[in-house]
Amino acid sequence: MTRIDVRDLKGKIKDNAIQVTLDVIGKKHDLMLAYQNTGFGKKRFFVCPYCSKNVQYLYITGNSLKCRVCSGVKYTGIQNNTKGGYDEIAYRMKKYAAAHDIQFDFPFNYLDFVLDSRMHREKFRNYVIVLQALENMRFQGIICKTTYSAKTIRLVTSGKHPLLQKCSLMELKEYFYDWETGQQIIIPSVKSILK
Ligand SMILES: [Zn+2]
């Protein structure tokens, strides 16, 4: 799979640019850039448009640019990442979806499947519920740095987590849940928007 290297931007854009527009196979991509201080100065990264992770490479998949995990490129292990963090959840989502013949882009959204004839089958609907639940966890992992125990992840991927029965797909998409305790997390700003 073709990939682009953030180091190739060196000298072509400003040293502190926070955004770059790249023309890749006839399509313009607005990409965010991030910087980290290292012993040798500042290191530049792409921000993956799908999971917001800082990465050196973006892979061209179809007509989008994604990091290695989001593009589903063969993953060589999760030992370098935060255990139970969003990248592990993303990896599990890709594996789970592939095992059940489901294709999706991050962020997972059940609304993309409402016209899928397989939604008539309870089994398929349950797969979609599991993926929406994992997306709920992944999103919290990204913005709140939440990590999950192996047990909790297993409860969700096996379809046995109590929240999977308790919550509708819409709720799993719109609200945050504490997957360790099963409680809904009320965020004050979200609450006031809903009123
Ligand atoms: Zn990504």
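The values are calculated or read from the model by the stated rules, or taken from the named source; none is laboratory data. Keep in mind it's a predicted model, so treat the numbers as computed, not measured. All Cβ positions, glycine included, derive from the backbone under ideal geometry; neighbour counts span all protein chains shown.
Here are the numbers for the structure shown:
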read-out	value
Only one of 125, 92 that is buried (at least 20 other Cβ atoms within 10 Å of the Cβ) and at pLDDT 90 or above	92
Filter pass, residue 28 being among the basic types (Lys, Arg) and modelled with pLDDT under 90	yes
Single condition residue 120 does not satisfy, out of (1) surrounded by 13 or more Cβ atoms within 10 Å (Cβ to Cβ); (2) more than 12 Å from the ligand (Cβ to nearest atom); (3) not β-branched (Val, Ile, Thr)	(1)
The range 95-115: number of residues that are surrounded by fewer than 19 Cβ atoms within 10 Å (Cβ to Cβ) and either within 13 Å of residue 137 (Cβ to Cβ) or of a type in the set (Phe, Trp, Tyr) (or both)	3
Hits in the range 133-156 (condition: surrounded by fewer than 20 Cβ atoms within 10 Å (Cβ to Cβ), in a helix (DSSP H, G or I) and either of a type in the set (Lys, Arg) or on the phi > 0 side of the Ramachandran plot (or both))	151, 154
Subset of the range 81-135 [under 18 Å from the mean Cα position of the chain (by Cα) and among the hydroxyl-bearing types (Ser, Thr, Tyr)]	82, 86, 91, 96, 110, 127
Qualifying residue in the range 162-173 (condition: buried (at least 20 other Cβ atoms within 10 Å of the Cβ), of a type outside the set (Asp, Glu) and within 20 Å of residue 68 (Cβ to Cβ))	no
Listing of strands (runs of 3 or more DSSP E) fully contained in the range 1-111 that carry 3 or more residues being more than 16 Å from the ligand (Cβ to nearest atom)	19-24, 27-38, 41-47
Residue 71 under 18 Å from residue 4 (Cβ atoms) and buried (at least 19 other Cβ atoms within 10 Å of the Cβ)	yes
Any chance residue 159 is of a type outside the set (D, E, K, R), assigned to a loop (DSSP other than H, G, I, E, B) and at pLDDT 95 or above	yes
